[in-house]
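A short worksheet on the structure shown next.
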Amino acid sequence: MIHLLSDQKCQIIAHAEQDYPFECCGLLLGKFGETMKSVHETFAISNAREEVAKRTRFLITPAELLAGERYARARELDIVGFYHSHPDHPAIPSEYDRDHAWPTYSYVVVSVAAGKAGDIRSWELEPDRTRFNEEELSERNSK
């Protein structure tokens, strides 16, 4: 299970709609619990793919990932997952997503059709990397 604040969900949706028709991407910063992950902040990242590929793929450069890790560490947070959008496709991870994902982390995917966000779902990769399982995405009101 992953917990997001309503403000964080809005930030992810706004990022997805702003970057449409390209995929957006970012980090989910928070804490790992025994049975759930709690997101404290989102960390938007620019999609480093070339323009044509940005429609169906995202790329986080090592420098931006390192910047996100440093930002998280300075706030005593962990990277608990990643988010990205699927322009004109469902909020279901692709085979490409599976091939590039790591177990333990949450992968929040938001579908965007004609510039408007739709479903937002979260996924975890099996430890053997064979498939994603949908995880419960819990939203709580911001304080």
| Modelled FRET efficiency - R0 30 Å, residue 99 with residue 1, Cβ distances, 0.05 increments | 0.75
| said: Taking the Cα centroid of segment 1-64 and of segment 114-143, what is the distance between the two, rounded to the nearest whole Å? | reply: 11
| said: If I take every Cα pair under 8 Å that is 6 or more residues apart in segment 2-140, average their sequence separation and divide by the length, what percent do I get for the relative contact order? | reply: 26
| Most positive-pole-ward Cα, 28, 104, 125, against dipole of the chain from beta carbon charges | 28
| How large is the charge dipole for segment 2-140, taken about the Cα centre, if only the Cβ atoms of Lys, Arg (+1) and Asp, Glu (-1) carry charge, to the nearest 20 debye? | 220
| message | In the chain, once you exclude exposed GluC sites (Glu not before Pro) (DSSP loop, at most 12 other Cβ within 10 angstrom), what's the longest stretch remaining? | response | 77-135
| note | Per GNM of the chain with C-alpha springs under 10 angstrom, the most fluctuating residue out of 122, 106, 94 is 94
| remark: Once amide hydrogens are built 1.01 Å from N within the peptide plane, the residues lying 5 or more places from residue 24 or on another chain with amide H under 5 Å from its amide H are 85
| Going by how many other beta carbons lie within 10 Å of each one, how would you line up 42, 56, 61, fewest first? | 61, 56, 42
| note | Computed from the beta carbon distance with a Förster radius of 25 Å, FRET efficiency for residue 73 and residue 48 to the nearest 0.05 stands at 0.70
| Which of 18, 85, 6 sits farthest toward the positive end of the charge dipole of segment 1-103, with +1 on the Cβ of Lys and Arg and -1 on the Cβ of Asp and Glu? | 6
| Distance in nm between pseudo-label sites at residue 119 and residue 141 (7 Å out along the Cβ direction from Cα) | 2.9
| task | Let me know the charge dipole size of segment 83-143 about its Cα centre in debye, to the nearest 20, where only the beta-carbon of Lys, Arg (+1) and Asp, Glu (-1) is charged. | result | 280
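Just so you know, all these numbers are worked out from the coordinates, no wet-lab data involved. Note that the structure is predicted; figures quoted are calculated from it, not measured. In this analysis, Cβ positions are derived from the backbone assuming ideal geometry, glycine residues included, and neighbour counts consider all displayed protein chains.
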